[in-house]
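Asks: Sharing a structure here in structure tokens format.
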Amino acid sequence: MKKFLLYLSFVAFLLSCKDDKDKTASTNTATAPEKSTADLPYTASYSSSWSTDVSDADLKMVLTTYKDWSDGNISGLLSAMADTVTVDMFSGDHMKLPRADLSKFWTNFRDSLSSVKIDMQGWQKMYATDKKDGYIVTWYDETDTYKTGKVDSASYHDINQVKDGKIIWYSTYKRPKK
């Protein structure tokens, strides 16, 4: 019986040591991300120093713009935009528009649709620590039904740059569904 208790104590000791080591390793990994020592073929021209230090309020504001778009709430959508917004469309068009012109552009397009359905698949908060710029990146499927009956569905990937609680740059990439 004494041998059994000694053996059980020894096993418990080993298990407790292993658990503490694992906890220490995971704590160190979480607080101090490992820097890559790989010999990479490129150096990032904008930034390679990123964190997720973007506020939840900014995330909510950006995600609400998608809900506003699907609900046809253009005034709600526009309230999240800066006075002037740079927009890069999936078509390759690049525009820098004051909010009033953006309102006309989006209102005309949204008025051609009878419904918009968005399946938000994911998002990521990204903060360029060296540039002090915040972004919300989204991935979603959108199905647009036009008033003519035509249905258009596609997968999208958007980048929303946020500054002072407003979207200042918006870039969208589209892959049509077949």
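Asks: What nm distance separates the two modelled labels at Thr84 and Gln124, each placed 7 Å from Cα along Cα→Cβ?
Replies: 3.1
Asks: Take peptides 70-82, 47-59 and line them up by average Cβ neighbours within 10 Å, highest first, as a rough protection proxy.
Replies: Averaged packing, sorted descending, gives the order 70-82, 47-59.
Asks: Test of understanding: ordering His94, His157 by Cβ neighbours within 10 Å, fewest first, what list do you get?
Replies: Going from sparsest to densest Cβ surroundings: His94, His157.
Asks: Calculate the FRET efficiency for Ser48 and Lys150 from the Cβ-Cβ distance with a Förster distance of 45 Å, rounded to the nearest 0.05.
Replies: Efficiency, from the Cβ-Cβ distance: 0.60.
Asks: Going by how many other Cβ atoms sit within 10 Å of their own, how do Met89, Met61 line up, fewest first?
Replies: Least to most surrounded, the residues fall as Met89, Met61.
Asks: Let me check against my output: what whole-number percent is the relative contact order of the stretch 50-176, with C-alpha pairs under 8 Å and at least 6 apart?
Replies: 27
Asks: Most exposed first by the Cβ proxy, i.e. fewest other Cβ within 10 Å, how do Thr145, Thr43, Thr129 rank?
Replies: The most exposed by this proxy come first: Thr43, Thr129, Thr145.
Asks: If you take the charge dipole of the stretch 50-176 about its Cα centre, with +1 on Lys and Arg Cβ and -1 on Asp and Glu Cβ, which of Ala154, Ser79, Leu102 is farthest toward its positive end?
Replies: Leu102
Asks: Can you compute 3J(HN,Hα) from phi for each residue in the stretch 61-68, using the Karplus curve 6.51 cos²θ - 1.76 cosθ + 1.60 with θ = phi - 60°, rounded to whole Hz and x for Gly and Pro?
Replies: These are the phi-based 3J(HN,Hα) values: 4, 5, 5, 5, 5, 5, 5, 4 Hz.
Values in this text are rule-based calculations from the coordinates and carry no lab data. Here the structure is a predicted model, which is why all the values come from computation and not from measurement. Counting neighbours? That spans all protein chains shown, and the Cβs are built from the backbone with ideal geometry, glycine included.
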